[in-house]
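I have placed the structure first, in the form of structure tokens, so that the comments after it can refer back to it.
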Amino acid sequence: MLGLILFRLNHAILIHMSDYSLTVCGIGEALFDIFDGAQVLGGAPLNVAVHANQLASELSGGPGRGVVISRVGQDPLGNRVCEKLSELQMDNHYIQSDPDHATGKVYVETDFDGQPTYDIVANAAWDWLQYDPDLDTLSSQCDAVCFGSLAQREAQSRNTIYRFLENCRDSAIKLFDVNIRLDFYNAQIIERSLNLANAVKLNEDELPLVFKLMGLGEIEPGSERDAIVKLMKKYNLKWVVYTRGSKGTAIHTPGGFFEGAPAQANPVEGADAVGAGDSVAATFLVGAVLRKPWQQVVDLANKVGAYVASQPGATPTLPDELIKQM
């Protein structure tokens, strides 16, 4: 067999796509965040899929699902990725196994406010994500997909992500999560992603950087909303999610600007903000697929993001009271 040997880590019979009320995919990095020696499952697209899976678990029209599309090494951490997804009752059929590259690792340090900085190990298994034939069916039938810029640092995974997006239905939501990390991005990657996406999530630091990289100039203080509208028009985006940390999240749509009151949650010992933005993205994706009112979605997204930021790790179990609000 040419190339890397691929095999499925889960040989269970797959449930047909039509048996789910919705499917939200996260394509890209699956890895472990390492905090002072503790290893916590993570990766932005994985986090989005896990939170979407939770939020869609009790829908009135039947349970939805989140699906992770990634690649891990044939090592203990790779086994743990699949074991964790199985524990969460998630399908790990789309987790590829790589005999030559290790499962991804990110060393995370947090400041006094719980805000993280990252040291991302290069040449991880997810850098070599291949386009498997099964992805044709998944991409053509999924309702929404989240992808980022980090997983595009190598051509192999980048081209797989592009092919998946290009095969999606016109009605599918393709959310570009502008997760700027170190020097793993450039203007070409950002622009190609904006052209392939129909929705974007970015934060206060990423907005001026993307604006400048795309040749749109500087953003004057207080003119962020105008800048987002300009970005939407240039790239024909359906909506833009703008995360602002403790100030809460806002969404810009052609029909208007929606902003919820910042939510608060009591942080437990060891809490960090890792994964909070990903949980916000998951809330918007599930809400958008269900065509929920935007104000309802942004209010819930603020609550979900605040809760995740009050817990250790990127994918804590969400309280039933939040899940039932979806």
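The values are calculated or read from the model by the stated rules, or taken from the named source; none is laboratory data. All figures in this text were calculated on a predicted structure; none of them were measured in a lab. Cβ sites come from the backbone with ideal geometry, for glycine too, and all protein chains shown count toward neighbours.
Looking across the stretch 203-224, the residues that are more than 17 Å from the chain's Cα centre (by Cα) and either in a helix (DSSP H, G or I) or buried (at least 19 other Cβ atoms within 10 Å of the Cβ) (or both) come down to LEU207, PRO208, LEU209, VAL210, PHE211, LYS212, LEU213, GLU224. Looking across VAL200, VAL229, VAL240, one residue alone is aliphatic (A, V, I, L, M), over 20 Å from the mean Cα position of the chain (by Cα) and outside any loop (DSSP other than H, G, I, E, B). It is VAL229.
Sort through TYR162, TYR185 and tell me the only one that's touching a residue at least 24 places away in the same chain (Cβ under 8 Å), over 14 Å from GLU29 (Cβ atoms), touching a helix residue (DSSP H, G or I) at 6+ places or on another chain (Cβ under 9 Å) and hydroxyl-bearing (Ser, Thr, Tyr). Of the residues listed, the single one that is touching a residue at least 24 places away in the same chain (Cβ under 8 Å), over 14 Å from GLU29 (Cβ atoms), touching a helix residue (DSSP H, G or I) at 6+ places or on another chain (Cβ under 9 Å) and hydroxyl-bearing (Ser, Thr, Tyr) is TYR162. Just one of (1) in contact (Cβ under 8 Å) with a residue 24 or more places away in the chain; (2) under 23 Å from LEU207 (Cβ atoms) fails for LYS292. It is (2). Only one of the numbered conditions (1) in a loop (DSSP other than H, G, I, E, B); (2) out of contact with any Ser or Thr (no Cβ under 7 Å at 6 or more places or on another chain); (3) at pLDDT below 95 is violated by SER246, and that is (1). Scanning the stretch 291-326 for residues that are touching a strand residue (DSSP E or B) at 6+ places or on another chain (Cβ under 6 Å), surrounded by 16 or more Cβ atoms within 10 Å (Cβ to Cβ) and more than 14 Å from VAL50 (Cα to Cα) turns up TRP294, VAL298, ALA301, ASN302. Within the stretch 59-110, the residues that satisfy the criterion of being part of a strand (DSSP E or B) and more than 18 Å from SER139 (Cβ to Cβ) are VAL72, GLY73, SER97, ASP98, GLY104, LYS105, VAL106, TYR107, VAL108, GLU109, THR110. Looking at the stretch 269-326, the helices (runs of 4 or more DSSP H) lying wholly inside it that each contain 2 or more residues that are within 18 Å of the chain's Cα centre (by Cα) sit at 276-289, 294-309.
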